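To start, the structure under review is shown below, and the notes come after it.
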Amino acid sequence: MRLVDDAFASDGPIARALPGFELREGQVRMARLIERGFLENVHTVVEAGTGVGKSLAYLVPALRAGARVVISTGTIALQEQLVRKDIPLVAKALGVDARVVLLKGRNHYLCKAKFERESGARLIAPSIALERLWAWAERTETGDRAELDFTPRPDDWETLDADADDCIGEYCHRFADCHFFAKRDEARYADVVVVNHALFFLDLVSGGALLPAYDFVVIDEAHQAERYATAALTATLSPVSVHRMMRKLHRTYVVPGSHDAELGEAMRRLQQTLAQVPGDKYPVAANEGVGEVLPVMREAFYRLENWLHANWKDALRKPTSNEAEAERRRDLALRAVAAHVATVDRIDRAAQQASLGAVPADEVDAVAWVERGEGGERYELNAAPFSVADFLRATLFVRTRSVVLTSATISTSALRPVRGDAAESPFAFIMSSLGIDEAQQLVAPSPFDYAQQARLYVAPPRLNPKATDFARRAAPLIEEILDRTAGRAFVLFTSYARMREVHGLLRDHLAFPAKVQGDLPRSALLDWFRATRHAVLFATATFWEGIDVVGDALSCVIIDRLPFPSPSEPLVAARIAALEAQGRSGFEHYMIPSAIVRLKQGFGRLIRSTTDRGVVALLDGRATSMGYGATIVGALPPATRIDDLRRLDELFGGR
């Protein structure tokens with residue numbers, strides 16, 4: 001087979017391997033462009049509309065590349081589908097003997113040495129949960145936590161995981177048969193390595209310490225790339241991070257209680273200081289008291305660091321005659337403490353830059369913010385760069401022969417193929433966000449007939465989500481829509497408060513079974529929705545993407561408002577300020593493109609096959625009354641626009 005097109009021919013190898021395969025022009029164009037990128041060492045950005053079949057479109061050139069390809073995805077479901085179904089199918093069809101490895105982060109694997117230490121110190125497990133974990137640890141051949149048919153408590157799993165902070169590598173007596181290193185060695189000889197975004201971007205931050213060297217990269221679900229890259233570059237100081245560090249130190253050393261007491265008191269003071277400013281998230285610069293407490297935290301870490309330097313041999317819980325092993329344990333401990341000191345310094349520096357205003361907004365090192373943790377009782381301090389573009393340009397796009405970015409929702413303007421720089425491209429937003437200076441580009445539209453299969457209803461201008469009576473006005477409209485679609489709906493919100501308010505108004509009026517996010521765990525909610533006729537689910541951001549409900553079960557997606565990022569979010573505010581410091585409109589170049597990508601994700605929940613039918617209802621009248629509304633709505637798939645809900649009867653009559 002000479003050309004990549006031949007793989008997708010109606011009588012080609014993919015058609016022979018995949019019953020019901022249909023030739024899709026967008027899929028072939030995408031595969032052709034990716035292979036061209038691999039051959040010419042250029043990057044490729046592709047929006048592949050729902051139904052294009054992007055996985056096969058990048059797997060065919062990947063398996064023909066003759067070089068190592070890393071495929072990074074955002075969801076476990078897609079990773080499993082690639083490794084268990086799609087890659088074996090394509091490899092068999094092409095006659096390629098590909099070595100494929102699904103590689104996960106260290107904390108997904110069991111550490112045999114830690115298990116021996118924990119189980120050897122006790123005659124029986126201290127809890128039923130640990131008893132189940134230990135029984136699995138005795139019999140597992142892979143050590144992969146995914147084998148478990150239950151979810152262990154984080155504290156329980158921490159006692160057994162192959163975390164880097166506990167690993168002494170080749171000095172460990174179980175190094176030769178370590179689950180994690182066995183998998184990593186397997187990846188060194190693989191043709192295709194499948195990872196998640198978290199591991200991929202952490203590898204970039206670590207300088208390539210986690211993944212084997214690679215020639216090509218495919219980043220699927222690339223609309224998530226900026227978020228995961230930012231997370232990998234985020235430093236956090238919290239009670240959880242400090243307690244976790246101390247637990248690990250106590251497992252290795254006999255640490256004097258004075259250090260726990262000093263750090264505990266410093267953290268207590270920090271928590272009290274952070275609680276003095278209202279809100280779940282705010283810039284550190286808004287709290288002047290933080291600058292007085294951070295030096296106290298720093299000094300406590302310094303004293304712990306000095307103690308480790310002086311006592312790393314004598315304070316070992318299990319003395320060893322192997323000095324190299326003792327030195328490795330010392331280095332791990334000092335690294336953990338030094339990381340906390342570096343975080344304090346980074347937060348302090350970012351807060352000072354923000355409060356003094358001496359550094360231009362587009363040149364600050366990092367943004368520092370306070371965030372209330374789950375349960376609303378504890379706070380954490382975070383610091384991250386407001387932009388990941390320079391980092392990714394230097395660590396990924398300059399060093400890698402060809403990087404492919406693909407998603408169903410990454411273009412933010414007119415759908416047209418382009419080859420050139422980011423400024424003239426429908427991908428300008430993602431390219432500038434990620435530091436891509438030049439790439440070949442393609443928008444491969446969905447093969448679905450949106451004009452026939454989907455309706456788009458936009459509320460009249462009088463319905464404004466900023467109005468105090470929005471929920472009261474929106475509730476009757478939602479009820480009417482649900483009556484006309486016979487339920488079968490996701491009602492999606494940009495905030496929990498609005499979700500709860502609207503659900504409270506409708507709870508006693510709906511004629512269909514309904515649940516609200518939080519009633520059950522996320523996976524259980526989805527199982528309930530798929531299994532329940534005419535179900536209605538009220539949910540927030542986590543249900544905007546990565547969910548497939550094919551068929552009649554989901555026929556309606558109601559979205560409460562245009563999903564602009566919150567300008568009060570510290571990172572969002574910093575990105576807007578940086579754009580405006582460059583003389584560009586933050587609203588035009590950040591807020592609008594962000595809303596487009598997010599809204600397209602919500603829209604994408606609806607039509608997942610050629611037989612799906614449904615309506616997307618946007619309850620934000622600004623989409624009609626404001627000029628930017630036309631820009632945002634115009635970027636959505638070409639569903640038939642309706643202004644009268646009675647026209648839904650044409651779509652749902654008799655269903």
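The values are calculated or read from the model by the stated rules, or taken from the named source; none is laboratory data. Everything numeric here is computed off the predicted structure, so don't read it as measured data. Please note: Cβ atoms are built from the backbone with ideal geometry, for glycine as well, and neighbour counts cover all protein chains shown. Quick note on the areas: whole protein, heavy atoms, side chains included, nothing else; ligands and nucleic acids left out. Shrake-Rupley method; radii C 1.70, N 1.55, O 1.52, S 1.80 Å.
Quick notes
- Evaluated at q = 0.19, 0.26 Å⁻¹: base-10 log I(q)/I(0), Debye formula over Cα of region 210-294: -0.97, -1.31
- Proximal charge balance of residue 100 [Cβ under 13 Å; K/R count +1, D/E count -1]: +1
- Fully extended contour minus Cα-Cα distance, from residue 139 to residue 523, at 0.36 nm per residue: 135.5 nm
- Taking the 1.4 Å solvent-accessible surface of the chain as the whole, the part contributed by carbon and sulfur is 50%.
- In this rough spin-label picture, where each label sits 7 Å from Cα along the Cβ direction, the residue 268-residue 11 distance is 8.2 nm.
- Label separation (residue 67 vs residue 85): 3.1 nm, computed from points 7 Å beyond Cα along the C-beta direction.
- Between residue 542 and residue 236, the C-beta separation translates, for a Förster distance of 25 Å, into a calculated FRET efficiency of about 0.75.
- Subtracting the Cα-Cα distance of residue 467 and residue 148 from their residue separation scaled by 0.36 nm leaves 110.0 nm.
- Counting DSSP beta bridges with both ends in the chain, the antiparallel % (nearest 5): 30
- When the alpha carbon gyration tensor of region 290-364 is reduced to an equivalent ellipsoid, the three semi-axes, largest first, read 36, 13, 6 Å.
- With only the Cα atoms considered, region 391-531 has a convex hull volume of 209 Å³ per residue.
- Measuring how big region 503-655 is from its alpha-carbon positions, Rg and Dmax come out at 17.6, 57 Å.
- Estimated FRET transfer efficiency (residue 610, residue 400; beta-carbon r; R0 51 Å; 0.05): 0.90
- Taking the charge dipole of the chain about its Cα centre, with +1 at Lys and Arg Cβ atoms and -1 at Asp and Glu Cβ atoms, the residue from 87, 218, 302 reaching farthest to the positive side is 87.
- Over 29 Å apart at the Cα level, from the set 85/515; 92/114; 85/600; 54/515; 54/466, are 85/515; 92/114; 54/515; 54/466.
- Assuming charge only on the beta carbon of Lys and Arg (+1) and of Asp and Glu (-1), the dipole of the chain about its Cα centre is about 860 debye to the nearest 20.
- Mean Cβ neighbour count within 10 Å, used as a protection proxy, ranking 485-494, 88-97 highest first: 485-494, 88-97
- Each label point was placed 7 Å from the Cα along the Cα-to-Cβ direction; for residue 206 and residue 75 their separation is 2.7 nm.
- Cα coordinate range in region 429-496, projected on the principal axes (Å, largest first): 49, 33, 23
- The gain in end-to-end length when the residue 188 to residue 497 segment is fully stretched comes to 106.4 nm, 0.36 nm per residue minus the alpha carbon separation.
- Entry for region 1-115 at q = 0.09 Å⁻¹: log10 I(q)/I(0) = -0.27, Debye formula applied to identical alpha-carbon scatterers, no solvent contribution.
- Using every pair of separate Cα atoms, the Kirkwood estimate puts the hydrodynamic radius of region 478-518 at 10.7 angstrom.
- For region 100-246, the fraction of C-alpha pairs farther apart than 22 angstrom is 48 percent.
- Using R0 = 30 Å, the C-beta based FRET efficiency linking residue 303 and residue 372 works out to 0.55.
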